[in-house]
Amino acid sequence: MFHTGMRSGTAVQAEESAPESELYFQRCRWCHTTTFQRLLCPTCGSTDLAPELSGGEGVISVRRGVAAADADLWPVHMTEGFVVRCRVDGPLHAVRPGVRVKLAGAASAGRRPVVRLCEEVPLDGWY
């Protein structure tokens, strides 16, 4: 699970005994912009970022310029407004932009969060 620590304004990885499906993001206390694992607000540059618990729901976004090492990661636009790159648990033919997902497991020890598809997609991948 990733948790944003207030110590020196940095994002830290927490290994507490919290449930596996919690994902924390940051909200700027000045302009209320949401972000994920940042030191500064991307909008106003403030370092005053407060941790908040995500509801864990989002939509797969379009990915561009994917390196071979990141081929299994997809950007997920979460309902709170931030984007996080996640591994997607589901059939490959169903993983595409616009599909709704829900958090299945939080990140651990250098790994990305895992999301699960919310809807079934036919084998041909189109409705």
**Request:** Identify all residues within region 7-38 that are open to solvent by 20 Å² or more (accessible area, probe 1.4 Å), modelled with pLDDT under 95, of a type in the set (A, V, I, L, M, F, W, C) and in a loop (DSSP other than H, G, I, E, B); write none if there are none.
**Result:** Ala18, Phe36
**Asked** So which residues in region 74-90 are under 13 Å from Val62 (Cα atoms) and touching a Ser or Thr at 6+ places or on another chain (Cβ under 9 Å), if there are any at all?
**Response** Trp74, Pro75, Val76, His77, Val83, Val84
**Request:** Evaluate region 44-58: report whether one residue or more is of a type in the set (Ser, Thr, Tyr) and either more than 26 Å from Ser21 (Cα to Cα) or over 14 Å from the mean Cα position of the chain (by Cα) (or both).
**Result:** yes
**Request:** Considering every residue within region 40-63, establish whether at least one is open to solvent by 50 Å² or more (accessible area, probe 1.4 Å), touching a Leu at 6+ places or on another chain (Cβ under 8 Å) and in a strand (DSSP E or B).
**Result:** yes
**Complete:** Scanning region 75-100 for residues that are open to solvent by 70 Å² or more (accessible area, probe 1.4 Å) and in contact with a Gly (Cβ under 7 Å, 6 or more places away or on another chain), the one nearest to Val115 (Cα to Cα) turns out to be His77
**Item:** Residues that are in contact (Cβ under 8 Å) with a residue 40 or more places away in the chain and either in a loop (DSSP other than H, G, I, E, B) or within 17 Å of Phe25 (Cα to Cα) (or both), drawn from region 84-100
**Value:** Val84, Val99
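The values are calculated or read from the model by the stated rules, or taken from the named source; none is laboratory data. No experiment lies behind these values; they were computed from the predicted model shown. Every residue, glycine as well, gets a Cβ built from its backbone with ideal geometry; the counts of neighbours run over all protein chains shown. Calculation scope for accessible area: heavy atoms of the full protein, side chains included, ligands and nucleic acids excluded. Shrake-Rupley method; radii C 1.70, N 1.55, O 1.52, S 1.80 Å.
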